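K.L.:
Dropping the structure in here first, questions after.
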Amino acid sequence: MIDYFESPKLKLARAKKYVDDLERERDRFVDEHPWSHVVEANLDGSRKEYKIKFTRDFPDAFGDFTSNALQNLRSALDHAANASARAAGVSDPRSAYFPFGNDPKGLEDGIKGRCKDVLPDIVTVIRRFKPYRTRSE
């Protein structure tokens, strides 16, 4: 039997590997204690400010691992939308992506332009995720 979701699962596994690598690098960085702390009075002397000053830069690997993990997670969503279309019988889905928007209207625009091959029930599920910017309450 065909596993239509093999590709998104591989993307998720890769993302997890990058997160594991990031955590390992973070732990190494923290274990080295590359910081000092200072307590300074603010300008008018009314309160103390507690600060941490790093003695070296964060490793470039932090950005690399984070970026790679996020790219794989984003790709997994697109691959899952495409896989859902294939599983539903669309032989060559060319408009089956996971849409995002800056707001609900932007999401709807994305759905109209990028989800023509995705089943309406799947689009309903995607809408429930609210993949657009929201304000923190």
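The values are calculated or read from the model by the stated rules, or taken from the named source; none is laboratory data. Owing to the predicted nature of the structure, the values given are computational and were not obtained by experimental measurement. We place every Cβ from the backbone using ideal geometry, glycine too, and count neighbours over all the protein chains shown. Side chains included, ligands, DNA and RNA excluded: accessible areas come from the protein's heavy atoms. Shrake-Rupley method; radii C 1.70, N 1.55, O 1.52, S 1.80 Å.
K.L.:
Looking at the structure I just gave you, is Asn72 in contact with a Lys or Arg (Cβ under 6 Å, 6 or more places away or on another chain), within 22 Å of Phe98 (Cα to Cα) and not aliphatic (A, V, I, L, M)?
P.N.:
yes
K.L.:
If you check every pair at least six apart or on different chains, which have Cβ atoms under 7 Å apart with a residue in the range 16-43 that is of a type in the set (D, E, K, R) first and a residue that is assigned to a strand (DSSP E or B) and open to solvent by less than 100 Å² (accessible area, probe 1.4 Å) second?
P.N.:
Pairs that qualify, where the first residue is of a type in the set (D, E, K, R) and the partner is assigned to a strand (DSSP E or B) and open to solvent by less than 100 Å² (accessible area, probe 1.4 Å), are Glu40/Glu49; Glu40/Lys51.
K.L.:
When you scan the range 12-24, how many residues do you find that are open to solvent by 70 Å² or more (accessible area, probe 1.4 Å) and either at pLDDT below 95 or within 30 Å of Ala81 (Cβ to Cβ) (or both)? Please lay out each step first, then the result.
P.N.:
Going residue by residue through the range 12-24, those that are open to solvent by 70 Å² or more (accessible area, probe 1.4 Å) are 12, 14, 16-17, 23-24.
Pick out the ones that are also either at pLDDT below 95 or within 30 Å of Ala81 (Cβ to Cβ) (or both) and you get 12, 14, 16-17, 23.
Number of matching residues: 5.
K.L.:
For the range 77-95, does any single residue satisfy the condition of being open to solvent by less than 60 Å² (accessible area, probe 1.4 Å), under 30 Å from Phe29 (Cβ atoms) and at pLDDT 95 or above?
P.N.:
No: zero hits.
K.L.:
Across the range 108-132, which residue is farthest from Ser84 (Cα to Cα) among those that are touching a residue at least 24 places away in the same chain (Cβ under 8 Å) and more than 17 Å from the chain's Cα centre (by Cα)?
P.N.:
Result: Cys115.
K.L.:
Moving on. Considering only the range 96-137, how many residues are part of a loop (DSSP other than H, G, I, E, B) and farther than 21 Å from Ile2 by Cβ? Give the derivation first.
P.N.:
Taking the range 96-137 and keeping what is part of a loop (DSSP other than H, G, I, E, B), we get 96-100, 102-103, 115-119, 130-131, 133-137.
Subsequent filtering for residues that are farther than 21 Å from Ile2 by Cβ retains 99-100, 102-103, 115-116, 130-131, 133-137.
Here the count works out to 13.
Conditions (1) of a type in the set (Asp, Glu); (2) more than 30 Å from Ile126 (Cβ to Cβ); (3) surrounded by 12 or more Cβ atoms within 10 Å (Cβ to Cβ), marked per residue:
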residue	(1), (2), (3)
Arg26	no, yes, yes
Val38	no, yes, no
Asn42	no, yes, no
Gly45	no, yes, no
Phe58	no, yes, yes
Phe65	no, no, yes
Asn72	no, no, yes
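K.L.:
Next up: If I ask for residues that are without any contact (Cβ under 8 Å) to a residue 40 or more places away in the chain, among the hydroxyl-bearing types (Ser, Thr, Tyr) and within 30 Å of Cys115 (Cα to Cα), which ones from the range 44-86 would you list?
P.N.:
If the condition is that a residue be without any contact (Cβ under 8 Å) to a residue 40 or more places away in the chain, among the hydroxyl-bearing types (Ser, Thr, Tyr) and within 30 Å of Cys115 (Cα to Cα), then Ser67 is the only one that fits.
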